[in-house]
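Heads up, the thing below is written out as structure tokens.
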Amino acid sequence: MDFSLSPEIESLRQKVASFVEAEIMPLENNKANYDDHENFKESVVDALREKAKAAGLWGFQLPKERGGLDVGVAGMAVLYEEAARSPFGPVVFNCAPPDDGTMILLNKILNDEQKERWLQPMIDGKVRSAFAMTEPDGGCGSDPSLTYTSATREGDNWIIKGRKWFITGAEGAQTFILIAKTSDDPRKGLTAFLFDADQPGWEVVRR
Ligand SMILES: Cc1cc2nc3c(=O)[nH]c(=O)nc-3n(C[C@H](O)[C@H](O)[C@H](O)COP(=O)(O)OP(=O)(O)OC[C@H]3O[C@@H](n4cnc5c(N)ncnc54)[C@H](O)[C@@H]3O)c2cc1C
């Protein structure tokens with residue numbers, strides 16, 4: 001395989017490296033930039049995100065027609081590596097997990113109307129997402145088929161019962177994807193549900 005980088009990707013790689021060096025690294029040394037959970041404050045991230053957007057360094061993995069750079073998997077590998085020199089780099093460039101994978105997934109499976117509703121706000125950096133699969137009390141971890149969270153259909157609604165934990169970024173996320181069991185079929189019995197943080201019945205119990 002040829003792992004050489006195109007001139008465009010190499011140019012982007014250098015720009016990301018310079019941005020991290022000049023704009024992000026200096027902020028890491030200042031305690032005033034951190035919140036109570038040792039992350040950059042929202043206001044600090046927001047300001048950096050505006051700068052990254054203005055520099056054309058936004059959403060490496062996202063389609064161009066929706067505001068990303070569409071650099072492909074090899075491009076993602078090198079740009080993510082540069083971004084992640086700082087733990088706050090990926091969120092600044094809107095390529096932090098779980099949003100990066102969530103956006104790639106939603107772009108593949110949603111229709112245009114659904115993309116406007118669920119995907120575009122995430123691409124624009126207005127909302128963040130979280131992925132709820134892992135369960136406490138003997139539920140699923142590495143193997144999602146062990147999930148005890150159930151979803152049953154009642155009329156036009158799905159009733160979901162269960163408990164999840166280790167949901168990265170649950171606090172502050174607006175969009176959730178939750179894995180629940182919809183049948184005992186070993187291969188097709190799991191369904192991913194997409195919903196908003198204020199969905200009735202959904203409650204984040206603790207950080
Ligand atoms: C930083 C961090 C962020 C996370 N964020 C999220 C999140 O956003 N959303 C979410 O849902 N979860 C999240 N998780 C949870 C994570 O997905 C689980 O920790 C992971 O799936 C492992 O599950 P477990 O810890 O229950 O281990 P287990 O599933 O109990 O596995 C224990 C060990 O057994 C091995 N093992 C398990 N099954 C098999 C098998 N069939 N064959 C061989 N070996 C096996 C595993 O490799 C592991 O070494 C996060 C975890 C961390 C550490």
Exercise. Restricting the first residue to region 39-57 and requiring it to be part of a loop (DSSP other than H, G, I, E, B), which pairs with a second residue that is not acidic (Asp, Glu) meet a Cβ separation below 7 Å and a spacing of at least six or different chains?
Worked result: Lys41/Asn33; Lys41/Tyr34; Ala55/Lys15; Ala55/Phe19; Leu57/Lys15; Leu57/Val16; Leu57/Phe19; Leu57/Phe93
Exercise. Hey, does region 179-188 have a residue that's more than 24 Å from Trp118 (Cβ to Cβ) and small (Gly, Ala, Ser)?
Worked result: yes
For this session: Would you point out which residue out of Gly201, Gly162, Gly172 is away from the ligand (no atom under 11 Å from the Cβ) and modelled with pLDDT of 95 or more?
Result: Gly162
Problem set entry | Single unsatisfied condition, Tyr80 versus (1) among the aromatic types (Phe, Trp, Tyr); (2) more than 16 Å from the ligand (Cβ to nearest atom); (3) not in a helix (DSSP H, G or I) | (3)
For this session: Quick one: count up the residues across region 87-120 that are touching a residue at least 40 places away in the same chain (Cβ under 8 Å) and either of a type in the set (Lys, Arg) or closer than 12 Å to Ala52 by Cβ (or both).
Result: 7
Exercise. Is there a residue in region 60-67 that is modelled with pLDDT of 95 or more and surrounded by 15 or more Cβ atoms within 10 Å (Cβ to Cβ)?
Worked result: no
Seminar exercise, completed: Scanning region 137-156 for residues that are loosely packed, with under 10 Cβ neighbours inside 10 Å and either among the polar types (S, T, N, Q) or away from the ligand (no atom under 16 Å from the Cβ) (or both) gives Ser142, Arg153, Glu154, Gly155, Asp156
Problem set entry | Matching residues, region 16-38, being crowded, with 16+ Cβ neighbours inside 10 Å and not hydrophobic (A, V, I, L, M, F, W, C) | Glu23, Asn33
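The values are calculated or read from the model by the stated rules, or taken from the named source; none is laboratory data. Bear in mind the structure is a predicted one, so any value in this text is a computation, not a measurement. Positions of Cβ are backbone-derived with ideal geometry, glycine not excepted, and every protein chain shown enters the neighbour counts.
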